[in-house]
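Read through the structure below, which is laid out as structure tokens, and then see the notes.
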Amino acid sequence: MTVRYQADDPKIVAREADVGGGGAVVLAVLSDGISLLFLLVSAVAAVFVVRQWLAAPRPGRTPQDGQRHDGDEAEPLGT
């Protein structure tokens with residue numbers, strides 16, 4: 001069994017297998033994944049808000065040809 005110790009304090013020892021640092025890597029990967037998830041959700045929410053804002057009727061704005069005031073397409077007469 002390999003034992004490691006600190007040079008300035010040889011009373012503190014640990015096994016070689018316990019000093020690998022694998023827990024820090026797992027924590028870093030999890031935090032990166034969660035950060036990317038929040039970034040993606042924020043981007044989707046921003047696109048949704050902008051699309052809703054652009055589709056909202058505004059005072060003084062006339063409907064485009066063939067559209068009603070609520071944004072739906074008007075059906076042609078006589079069909």
What residue, among those in the range 8-27 that are part of a helix (DSSP H, G or I) and hydrophobic (A, V, I, L, M, F, W, C), is most open to solvent (accessible area, probe 1.4 Å)? Leu27
Leu30: passes all of (1) at pLDDT 80 or above; (2) open to solvent by 90 Å² or more (accessible area, probe 1.4 Å); (3) not in a helix (DSSP H, G or I) but (3)
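The values are calculated or read from the model by the stated rules, or taken from the named source; none is laboratory data. Here the structure is a predicted model, which is why all the values come from computation and not from measurement. The area values use the complete protein model at the heavy-atom level, side chains included, leaving out ligands, DNA and RNA. Shrake-Rupley method; radii C 1.70, N 1.55, O 1.52, S 1.80 Å.
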